[in-house]
Structures are given as C-alpha cells and as structure tokens.
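Some notes on the structure that comes next.
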Amino acid sequence: MKKPTFNKDTLAADAERLHALLREKGNVIAALRRYRKQKEAELKDAYFANEEIGDLIKLRSHLVDHLIQLTWDYCHQDTHHCCIVAAGGYGRRELLPYSDIDLFIIIPEAIADTRGIEQFIRYLWDIGLKVSHNVVTIKTCQSLATDDLSMITSLLECRLLLGDDNLFNALQIAISPSKIWNSRAFLLAKQEEQKQRYIKYGGSSYNLEPNVKEGPGGLRDIQTILWIGKRHYSKHYDKHLVEMGFLTESEYDALVKGQHFLWNIRCALHYLCKRQEERLLFDYQVKLAEQFCYVNKDNELAIEQFMKTYYRNVKNLNELNDMLVQLFRENILYQQQTDTLVSINERFRVHNDYIEVTHDNVFTETPSALLEIFVIMAKHRKIKGVRASTIRLIRQHRHLIDVNFRENKKNHKLFLALLSGDHNIAKQLKRMNRYGLLGMMIPEYASIIGQMQYDLFHVYTVDQHLLSVINHVYLISQDKEKFPVGFELMQNLKKRYILNLAALFHDIGKGKGGDHSELGEKIVEKFCRGHHITKEDTELLAWLVANHLLMSTTAQQQDIHDPQVISQFTKTVATQQRLDYLYLLTVADICGTNPSLWNSWKDTLLKNLYQASKLLFSATGAAPSISEIKQQVLAIIKANEDEKEKIHALWQQWRDLYFRRNNPEDIARHTLAILHHPHKEKPLVTINNYDHGATEVFIYIKSQNYHFATTTVVLDRFNMNIVEAQVTTTNDDYKLDNYYIINKAGKPLADQEQIHVIKHTLEKLLSKSLSRPAPIARRLTRRQKHFNYPARITFKNDSYRNRTNMYIVTPDRPGLLARISMALVDCEVLLQGAKIVTMGERVEDVFFITNMSHNPLTAECQDALKQRISYYLGQYK
C-alpha cells in the first residue's frame, strides 16, 4: 500500500524549509504552487493505492492549513488584531480533492484598507487553492448568521487557523445558542431544509443518477445529524453524541463506515472529472464500477453491482438519519410537552401520536411484536410514526426474524392481515423495508434491495418499484377520476391481499438469472405453501406473477382492434376474475415503474383491451361482422338513399382491415369528411380529440412514397409523440392514415391554435410532390448519447393476417420513424401500421408490413430491409 510521503510532522519540517524561501528573492508563490501540486499528487497516489480515505482528507486539510500559514507570513500580515477561521467542510477537516475552502477573516472593526487581505486571497488562488472567503466583524458575522441557516451551519464547524485567540473566542460566544439559533430553532430549520433538499433531489435514495453529497442518504444526511447534535449539546467533536448517550457505539460506527464509503466515491468522482462533481452520472457509474473492481456477471452488469452497493449503503444511512432526527425531535421539540399516553395493549402504547413499546423487553419476550407493530399502525391511521427508542429496539432485535419466525403460524396471520386491509399498506411495508425487516421476512426480497436496472425506463430499484406498485394499488382505489375502470374494480375486489402479494412478488425474480416471471412464480408458490394460502388463491396469485406483462405487451405491441388478438388474449387469461386482477396489476405496475409513464393513451389502450375481453367473457361476446359495423355507421350518419349510394361506393374501395381497426363513430366521421372534401386531388387532414386518450390525426391522400416520412417529420418538429399509426391502402390506391399523438406531457393536444398550425403545415407539405424529407437535426441529449447501441431488428411472418411483423428495439432518437419509413420506401415495403412504445431511453416498436403485392416479406427482403434501417439509424451523431 502506497502511503503519502508526508504527514503532520513532515509538514512542520517543510515549514522550516519553505519559510527560508520567504526571506529569499524569487517567485515564492510559484514555489508554493509547485509544492502544493507535489503533495496533491502524493495524496492522489495514496488514494489509488487504497490508503484510508479518512486519513487522506484530514491530511489534505493539514496541507491547506500549512499553505495558508505560509502565504499569510509571506504577505507580512499582522494577526494581532484579526483572526483567520476555517469553516464548513474545511473547518471539520473534510477536504476532498476539489472541495471549496471556506475562510472567515474576522476583524475587530470595519477597515477601509483591505488591500493586504485582498493580496493574501489572490496569492491563495495563485497557489491553486479554491478559496471562498468573508471579511467580517463579529457583529456583522452574528447579524448575517442570524438570518442565514447555511452561514450558521458553516460556522458550527469553525476552527482557528491563526490570529487573535480572544477575537476567536468572542466569535464563538456571539454565535452560540444563547445568542442566536437555539437548538429548537436550529432543529426546525434543519428539518425543513432536509425536507426541501429531499424534494429537490427526487425524494428517494434510489435516483438513477444520485447526488452523493446532497441526495437522501448522502453525506448531507450524516452532517445534518452531527450539526443538530453539536448545536444542542454545544460540543465540537463528533463522538460526543456517543458520550452523551444519544448514539450507540454501533450506530456511530455505522455512520463513520457510511461516511467513509461516500467519501471514497466522492473522491473518485473528483479525480475522474478533475473538478468538484457530486453527481453519479451514468458515464461516471460505468467508470467507477471498473475502478472499484466490479466485473460483469451473466445476470448482473458491473455497473448494477456497483450501484447496488451504493444504494444499500445510502439506504442504511437514510434509515439512521430517520431514527436520529426523530430522536432529536423527541429530545428537543417535545421535551417540555405534556406527555399523552394511550394504551393499545400490553406491548404497545401511543406516546404523543407516536407508537412505542411498553418496555424494552417486548421484542425479546414476544418476537411476533416485530410484525404486530405495523399491523397496529395500519389500523390506527392517526399514529404518525414510531418513537425513535422503539425504532432502535426494532433494529437491535430484527435478527429474531429467522427460519423459525418465518414458519410461525401466528406470524403468517399477522403478515397476511397487514396485506389484506383496504388501507395504504405500502406505508407500513416501506417502514419494514427501512428498518430492515421486509428482507428478513421474505429472503428473496433481500436479494433485490438496491437492485438497479441499467436503463432510463425503470427509475426505481427493484425493491422500491415493488413498494411503489403496492402504493399505486391503493391509489387506484382512491382516485375515480384518474382510474375510472380500476376504481370500480377495486370496490368489488373480494381478496385484496392477492393483488398486494402479486404486486410484491411480480418482479422479485429479477437479477437471479433466467425469466424473472417464471422465477417469481416459483418464489410466490413457495411463499403461499409456507403461509398455508388456499390452493385456489395460490393458483391465481402464481398465474398473475407469471403473466404480469401479458396485458401490457398485448395492448402496446399488438393490434387490439383485431378480433383474433382479443380471442388469443382471452384464451390465455381464461376467466373474468383473472382479467380483473390482471388489469389492476398492470395499471399499478406501469404507474409504479416511472412517474411519467402513465398517460391517457395507455389508459385508453388498457381500457379498450379490458372491455373487449370482458365482452368475450360475457354471453354476447361475439365481435360484430363487417356488415354489422357498416350498418352501425350508417345509423350514426343517418344517411338518405342518395348518400348511402355514395357511401357504399366509397366503402367498396376500403379493405376490411380499416373497419376492424376503427370504431363506428370514427368511421362515420372519416366517411363524411372524405365525401365533403372539396378538392379530391389534395390531401385531406383532420385533427380531432375524441375518446382515444390521444389526439387523432386522420389523413386521406393519394399514395406516394414519402407521405409517412413527411408526416412523422412534421409531427416530430412540433414535439409530438406518435403512439400509434394505422396505414390502410385502399383498392384505388389511396391511403387512410390514422396517427394518434400526445404532447410531451403525455396528454392529447388542447391548444386549438397549435392544432390549426399542425393541420395547415401537413396540408401544405403533403400537397407537394413529395421527396425524401430532411432528417431531424436535433442534438442528442447527454443521456441519449450514453445509451447508444445497435438497433435490434427481428421479423415474424403472420400467415393468418398475410403480413410481416417487424420488431425494432433501439435507442430513442429524434426523427426515428422518418428514418425507418425512408428505409421502407427504399426497399419497396408497404406499411400497414405501427405500435410505438417508448421505454425511457429506448423504443420497442412494432411495424406491420407487406411487400408491394400485399404479402409477407421474403427472407431476402427482410435482410435487405434490416440492413437499410441499420444504415439510417447509424447516422445519428
């Protein structure tokens, strides 16, 4: 292990040599700069040789102390009537390679001539020290700190570097709790600051690109605990919290271990970026995973292993922060409050709205109380949380959840009782997870704690996703406006615990190798056997876990207007009961995967699939024939005999596929628009919002090569997301195109002026003789550039529908559909329709295509098309 060649003692020896430089002629500042660079290089070598990080950051602060003293001496400044104070991270001797160096220069009174101080600061910058400084009197400092939480926090860490001891002591008195910011005010302010900080950084320790310093569970959480303790106890060293009985030795050790873990990562980030960088961006995650010696495994990437370690560490720190801040609240805020005690049973009581044990041996004497406490909180919703002393006891006794505990029938009943209520059980399961109990109750859950998925689609780790899905099960039952179908189903659901268990287990097989749905099915069957769940409920639950993606993939990747698709789907589902549970699980799963994923279009797709399937399960479930659909349309139009003749003449040119894809109301609207279109040689464009969950763009146009590419380019330029496209070629060589679009907020268009502009632009461009449109030139985002991989293109011939299905998985890029459509034209391939599914940084699109004779593509044509698409998609910069 390579250690730095200097320490506090060698720095003192260096001081003698460097002081000699001050008396000689020459560029002293340049010499100090070279000296600093030499020592920084030694520190860097020591870091990469795995020297103890805590020692290195303290050694760096000693180096800075040394340089500041030398520079001050070089400036021949008088320190009899001022003092230089280190504050913030530098004050507590926690300097990372590119950390700011916070200085306060305290003067007894305002001075007119600050040139000497300005020169001193300038020299520090010339040496290479990134200094942030304040020149203030004690009175001014006190006044500023009174109104500024960040300043008083920084001054909590202050230490005297050089100068007048009496002045420094006076500063300490001026900013003491008896003068400003008593411990109660400071705690309340820090609580609110932490709350706002959590909101700013996503409210979760599990962000895809977390901030190591400021994010939940980051270094700031550790510092917040220590700051509050220092303010309350007026002590200036960290371990005083142990001496005061506030922290146990093991808790303090956990804080220190977590702090060192985060220091290591933060230090690596600084060296990697050669600047102060606190964000674990995707690019950095890959490089740091390699630096910390993680390697790819068959079922887990190196980056996923690295981030799993990170997430588990910050989870533990977030858990400690939660308990200790609560403990501070009880000791500081409620110290003089009259205690209100309400007995629940012989084990638990409510103490000032927080639940606590009646004595310290409750969990030792009754281990099942470790589950019972969460069941009680679920039933008594006015309980705000758990008393800190009881959280500590839970943490100390969670080892009691072992094999015998998990096989105990009483514990089975308690856990299932928790999952069976109509309350928001996600709150209690999140607590169980935070206190380390859920993974002990379900060992398979423990293995997915902190398990990330390396993409932009899954914004949560697997464990957090499962809890988010359970939370959305509850939200569906409460929000009729947002989830009308789900709300009604939830009111009549007989066994909610089955849905909650399906939500808890549906992705539990991830990261274990193999199909996670099949693995999850086996895991949940084992759970059901162990908990003596009935055979009927076990079969339903196992089926839901095994098929939890069925409804989502069917709705988003298949043509649900096709009766054969609905028939095959209902054959797999088999019963109305399964359909009800699967619909609810699917909605909750989508909502719990990514907050931006659920939109009106997905709502409509799933609702239509659910209702079409429900119809088949009913006695009158047969799909209407084409003739019956036409009769329904004529009834809507209320056509006279002359109009009927024109309508039938028009319909004679249309293929059955169009009538299957569109509902009678849409067909009626399209028919009338075409019949009343005054210029048959020009394209017809209509844009309407109907009950589709998206805005419909309908285009009737004489067939020409680049109409689809032109349309998609125009819509992309208006920042519209195309979620589905239907292209039907008529017998007289016209195109009946339906595009369903939503805006970037995931909603149909509401701005009538924007609709008018889009319509006018499409009419204008489609009226011309179309040529190959210019590709979208929009620059790729940082994240799009990071997730860059070759498109995966596969084909499957569908003999029943006499077409080929082309599946494309590729990074999401501007103008993607236009580029694909140009390849279709080049290869003389006709497009019947497309299902567009954007999943974070990637798209999973399905194109229904034929050759010019309306037949499936040959293998040779498929290969040519694949090469052409790959060529166009390879042009992104």
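The rows are residues; the columns are (1) open to solvent by less than 50 Å² (accessible area, probe 1.4 Å); (2) at pLDDT below 95.
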residue: 162; (1), (2): yes, yes
residue: 183; (1), (2): yes, yes
residue: 198; (1), (2): yes, yes
residue: 231; (1), (2): yes, yes
residue: 235; (1), (2): no, yes
residue: 239; (1), (2): no, yes
residue: 245; (1), (2): no, yes
residue: 252; (1), (2): yes, yes
residue: 266; (1), (2): yes, no
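Just one of (1) open to solvent by 10 Å² or more (accessible area, probe 1.4 Å); (2) under 25 Å from residue 417 (Cβ atoms); (3) in contact (Cβ under 8 Å) with a residue 24 or more places away in the chain fails for residue 518. It is (2). Out of all the residues in the stretch 329-383, which are at pLDDT 90 or above, open to solvent by less than 70 Å² (accessible area, probe 1.4 Å) and part of a helix (DSSP H, G or I)? Matches in the stretch 329-383: 362, 363, 369, 370, 371, 372, 373, 374, 375, 376, 377, 378.
Specify the residue that is most open to solvent (accessible area, probe 1.4 Å); the eligible residues are those in the stretch 435-480 that are among the charged types (D, E, K, R) and outside any helix (DSSP H, G or I). Among them, the one singled out is 480.
This table checks each residue for (1) among the β-branched types (Val, Ile, Thr); (2) at pLDDT 95 or above.
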{"position": "438", "(1), (2)": "no, yes"}
{"position": "441", "(1), (2)": "no, yes"}
{"position": "450", "(1), (2)": "no, no"}
{"position": "463", "(1), (2)": "no, no"}
{"position": "468", "(1), (2)": "no, no"}
{"position": "473", "(1), (2)": "yes, yes"}
{"position": "480", "(1), (2)": "no, no"}
{"position": "488", "(1), (2)": "no, yes"}
{"position": "492", "(1), (2)": "no, no"}
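If you check residue 831 against the conditions, is it open to solvent by 10 Å² or more (accessible area, probe 1.4 Å), hydrophobic (A, V, I, L, M, F, W, C), in contact with a strand residue (DSSP E or B) (Cβ under 8 Å, 6 or more places away or on another chain) and closer than 19 Å to residue 735 by Cβ? It is true that residue 831 is open to solvent by 10 Å² or more (accessible area, probe 1.4 Å), hydrophobic (A, V, I, L, M, F, W, C), in contact with a strand residue (DSSP E or B) (Cβ under 8 Å, 6 or more places away or on another chain) and closer than 19 Å to residue 735 by Cβ.
Against the list (1) open to solvent by 50 Å² or more (accessible area, probe 1.4 Å); (2) at pLDDT below 95; (3) of a type in the set (A, V, I, L, M), the condition residue 388 fails is (1).
Listed by position, the helices (runs of 4 or more DSSP H) inside the stretch 564-682 whose residues that are closer than 30 Å to residue 747 by Cβ and open to solvent by 80 Å² or more (accessible area, probe 1.4 Å) number at least 2 are 600-617.
Tell me, yes or no, whether the stretch 462-484 has at least one residue that is in contact (Cβ under 8 Å) with a residue 40 or more places away in the chain and in contact with a strand residue (DSSP E or B) (Cβ under 6 Å, 6 or more places away or on another chain). No: the stretch 462-484 contains no residue that is in contact (Cβ under 8 Å) with a residue 40 or more places away in the chain and in contact with a strand residue (DSSP E or B) (Cβ under 6 Å, 6 or more places away or on another chain). When you scan the stretch 284-294, do you find a residue that is of a type in the set (Phe, Trp, Tyr), in contact (Cβ under 8 Å) with a residue 24 or more places away in the chain and open to solvent by less than 60 Å² (accessible area, probe 1.4 Å), even just one? Looking for residues that are of a type in the set (Phe, Trp, Tyr), in contact (Cβ under 8 Å) with a residue 24 or more places away in the chain and open to solvent by less than 60 Å² (accessible area, probe 1.4 Å), one finds none in the stretch 284-294, hence no.
Residues in the stretch 451-503 that are among the hydrophobic types (A, V, I, L, M, F, W, C) and closer than 30 Å to residue 810 by Cα: 452, 456, 457, 459, 462, 466, 467, 469, 503. Could you say whether any residue in the stretch 722-730 is small (Gly, Ala, Ser), assigned to a strand (DSSP E or B) and either open to solvent by less than 20 Å² (accessible area, probe 1.4 Å) or touching a Pro at 6+ places or on another chain (Cβ under 8 Å) (or both)? There is at least one residue in the stretch 722-730 that is small (Gly, Ala, Ser), assigned to a strand (DSSP E or B) and either open to solvent by less than 20 Å² (accessible area, probe 1.4 Å) or touching a Pro at 6+ places or on another chain (Cβ under 8 Å) (or both).
The values are calculated or read from the model by the stated rules, or taken from the named source; none is laboratory data. Note that the coordinates shown come from a computational prediction; the quantities given were computed from them, not determined experimentally. Here the Cβ is made from the backbone with ideal geometry for all residues, glycine too, and neighbour counts use every protein chain on show. When the accessible area is computed, the model is the full protein with side chains, heavy atoms only, and any ligands, DNA or RNA have been set aside. Shrake-Rupley method; radii C 1.70, N 1.55, O 1.52, S 1.80 Å.
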